[in-house]
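The values are calculated or read from the model by the stated rules, or taken from the named source; none is laboratory data. Since the structure is predicted, the reported quantities are computational estimates derived from the model, not experimental observations. Note that each Cβ is placed from the backbone with ideal geometry, even for glycine, and that neighbours are counted across all protein chains shown.
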């Protein structure tokens, strides 16, 4: 019998960006993350974000480019939708669209991968629903499976 060790993809661990945490399979740098812990770290982070900017990167996967971001959960977190850079990302084994939640807990900014999607409309629908906005754009592929 072979014992295969599988990583817990949702555990929190240190990101490559010093002092900050993340909860997904690969470690990333977060270039717009505040460098110091402060009272309003989440607000500072939100103000640093820019549509079209690199949200996260590492040496082993395409960069995550910001498409949309909003304050969420009564302003206690930030919801970010990103697209992976490059037209080849699916061939490299990556789903092109990712939704991330950023929270500030116990003196740490936490980055959590809430899901990755093959189709933009799947990511859009999830982004809307998580905000409590009704999805009115019609059925998507996943609605049938």
Exercise. Which of the residues belonging to the stretch 37-70 are surrounded by fewer than 18 Cβ atoms within 10 Å (Cβ to Cβ) and assigned to a helix (DSSP H, G or I)?
Worked result: 43, 44, 47, 48
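Give the number of residues within the stretch 55-66 that are under 12 Å from the mean Cα position of the chain (by Cα) and free of Cβ contacts under 8 Å to residues at least 24 places away in the same chain. Don't jump to the end; show me each part of the working.
Taking the stretch 55-66 as the starting set, the residues that turn out to be under 12 Å from the mean Cα position of the chain (by Cα) are 55-57, 63-66.
Now narrow it down to the ones that are free of Cβ contacts under 8 Å to residues at least 24 places away in the same chain: 63, 65-66.
Of the residues in that region, 3 qualify.
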Problem set entry | Residue among 69, 55, 46 that alone is in contact with a helix residue (DSSP H, G or I) (Cβ under 9 Å, 6 or more places away or on another chain) and under 14 Å from residue 100 (Cβ atoms) | 69
Exercise. Which residues, counting only those in the stretch 119-131, are out of contact with any helix residue (DSSP H, G or I) (no Cβ under 9 Å at 6 or more places or on another chain) and surrounded by fewer than 17 Cβ atoms within 10 Å (Cβ to Cβ)?
Worked result: 120, 128, 129, 131
Exercise. Within the set of pairs 6 or more residues apart or between chains, which connect a residue that is more than 28 Å from residue 48 (Cβ to Cβ) inside the stretch 77-93 to a residue that is modelled with pLDDT of 70 or more and assigned to a loop (DSSP other than H, G, I, E, B) with Cβ atoms less than 7 Å apart?
Worked result: 90/96
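What residue, of 116, 76, is surrounded by fewer than 14 Cβ atoms within 10 Å (Cβ to Cβ) and touching a strand residue (DSSP E or B) at 6+ places or on another chain (Cβ under 9 Å)? Spell out the reasoning first.
Numbers: 116 fails: surrounded by fewer than 14 Cβ atoms within 10 Å (Cβ to Cβ).
Step by step, each of 116, 76 is checked, and only 76 is surrounded by fewer than 14 Cβ atoms within 10 Å (Cβ to Cβ) and touching a strand residue (DSSP E or B) at 6+ places or on another chain (Cβ under 9 Å).
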